[in-house]
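Some notes on the structure that comes next.
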Amino acid sequence: MSPSPAPTESTAAPPPPHEARRRWFRRILAGFVLLAGVVVVQVGRAIVGALESRLATVVTGPADPDAPSPRGDAYASDPVLGVRPRRNLEQRFVIHPLHSPPSGGERDRVVRRTDNLGLVRSEDVTTLATGPRALLVGDSHLMGVVSNADNAADLLERRLRAEGRVGAAVYNASCGFYSLYQEVLRLRSLAETLKPDLFIVVCFLGNDFVELEDAGSPHLDDALVERPADPSPPPETTSERMRWLALPEEMLFWQGMNQAAYFHLHPERFEPVCAKAKRCLELLRDLANGRGARAQLVLLPGYDLVFSQRVAALGDAARQAVATDANGRLRTFVQQAAAELGIATVDVLDAFQADGREDLYATDYHVFLRGHALLAERMAPAVAAQFAACGR
């Protein structure tokens, strides 16, 4: 007799019910284990990322007796300026280009140091530079969310030296939260110590003008009289503008759209603020002339000026604020006012627009690595010309 054929899959006896249940249970358990593993890995990565991104503050020298201020660990209270950078401070944090994932490399890891004078500078200033000296001030964009070596001021200094100006120095006295008026005050406060040949104000077109309206900081009143901080300033209106704009990213509000919305909703304040801005430029000119130095104004655009169509597409309120073009009109006004006062101006809006890449800015809408490099590139010839004009 021929042997019986081996049973096929279709004819094989099914496993007992309890064995089938065990198989399904093992499969379900394996799925849960795999899912749990994925969750653990993602949570681990999130924790590591949060730890890496956490702001670390290290005092690198004698403690600043006035620190800290209510503005945070990076700042000290100041009776004249309101606030200034803390001295002898190092901060470490992680940041990356706007709308791009972190690279995971060293370029995302920022180390920013302020020196013994509260300058954004790696080395202490113990003796004055032997070459031409520029004293530069701006707001948080020039204080920088980049490491010292990548800051426009450092890049500019190295470029000037490489081009033959031995011993040239660009002292970066920038400080977050400053208005155009406080930037001039900061130059005043360091003029005698650093004896610059050139005073440079890097005006951020996104908020240095609306900050002129802050009576809670040293300010100019509507009569253009210099005033200290008002201990009882008027109630804030910022929250109302933030709700009205309803932007998907809050930092865009602080870095341009708050100012744009302010002048859209309060057009009657545009002319008084322009008058304050011109007075600030007059004070800058007088400071330079009084010390036998020169003055320069640099106009730094916010994201909303470089990418206005993208911002206008964020909602009806954003479209209205952009259409008002307050930030653009302020740019035009200060250009004209500076020209009338004989202050040389460097405007980088066209260079930023020609570049056209979002990584000009960091994820918090501050100017980032590419923006600092482009800014230094555009400033270098103008600064060199100013040094030459004063025989340096």
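Each reported figure results from applying straightforward, stated rules to the coordinates on display, with no laboratory input. From a predicted model like this one, the values you see are computed outputs, not experimental measurements. Using ideal geometry, Cβ is built from the backbone for each residue, glycine included, and neighbour counts are taken over all protein chains shown.
Residue exposure proxy: S77, S217, S100, S239, ordered by other Cβ atoms within 10 angstrom of their Cβ from fewest to most, comes out as S239, S100, S77, S217.
Counting alpha carbon pairs within less than 8 Å and at least 6 residues apart, what relative contact order, in whole percent, applies to region 127-389?
For region 127-389, the relative contact order is 23 percent.
Magnitude of the charge dipole for region 127-389, about its Cα centre and with charges confined to Cβ atoms of Lys, Arg (+1) and Asp, Glu (-1), is about 820 debye. Footprinting exposure proxy ranking of T324, T60, T114, fewest other C-beta atoms within 10 angstrom first, gives T60, T324, T114.
Dividing the convex hull volume of the alpha carbon atoms of region 127-389 by its residue count gives 123 Å³ per residue. Among F352, F270, F263, the order by Cβ neighbours within 10 angstrom, fewest to most, reads F270, F263, F352.
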